[in-house]
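J.: One structure coming up, written as structure tokens, with questions to follow.
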Amino acid sequence: MKLTAICVSVFSLAAATATLSAADAKVSYETLCAKCHGADGKGATTMGKKTGAKDWTDPKVQAELKDETLTKAIKEGVKDGDKSKMKAYADLSDGEVKAFVDYIRAFKK
């Protein structure tokens, strides 16, 4: 019985953390990502154009983009040879990364 209560508590805490991360995803996105990817997700900013940021509102881009690819890009960054196109955010938790992926998916029209 104690083990069940502990498991329920851990699960509830994990769910609350994931929800909190999802709620903060917009603020975090605006702080960390919008400079290049744009607040609207179109990647039409000066930096976005320089780095080739994708238009996340385009259904074709969304269809071709896998969650695993987004997760890897967020955690490891994006490079073109030796040139960094996107900074890595390795310090983000899995829940925070998932919240970013979900937020990016919400740009799809």
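J.: Checking the condition more than 23 Å from ASP24 (Cβ to Cβ) and under 14 Å from the mean Cα position of the chain (by Cα), which residue from LYS87, LYS50, LYS66, LYS72 passes?
T.: Working: LYS87 fails: more than 23 Å from ASP24 (Cβ to Cβ); LYS50 fails: under 14 Å from the mean Cα position of the chain (by Cα); LYS72 fails: more than 23 Å from ASP24 (Cβ to Cβ).
Residue meeting the stated conditions: LYS66.
J.: Do any residues in region 59-80 that are free of Cβ contacts under 8 Å to residues at least 60 places away in the same chain and of a type in the set (S, T, N, Q) have Cβ atoms under 7 Å from those of residues that are outside any helix (DSSP H, G or I) and surrounded by 14 or more Cβ atoms within 10 Å (Cβ to Cβ), where the two are at least six apart or on different chains, and which pairs are they?
T.: Once the first residue is free of Cβ contacts under 8 Å to residues at least 60 places away in the same chain and of a type in the set (S, T, N, Q) and sits in region 59-80, its partners that are outside any helix (DSSP H, G or I) and surrounded by 14 or more Cβ atoms within 10 Å (Cβ to Cβ) give GLN62/TRP56; GLN62/LYS108.
J.: Looking at region 75-109, which of its residues are part of a helix (DSSP H, G or I) and farther than 22 Å from PRO59 by Cβ?
T.: Of all residues in region 75-109, those part of a helix (DSSP H, G or I) come to 75-76, 94-105.
Passing the criteria: LYS75, GLU76, ASP94, GLY95, GLU96, VAL97.
J.: Kindly provide the set of residues from region 31-58 that are touching a residue at least 40 places away in the same chain (Cβ under 8 Å), more than 16 Å from LEU92 (Cα to Cα) and assigned to a helix (DSSP H, G or I), ordered by number.
T.: CYS36
We did not get these values from a lab; they are worked out from the coordinates using the rules stated. All values derive from a computational prediction rather than experimental measurement. All Cβ positions, glycine included, derive from the backbone under ideal geometry; neighbour counts span all protein chains shown.
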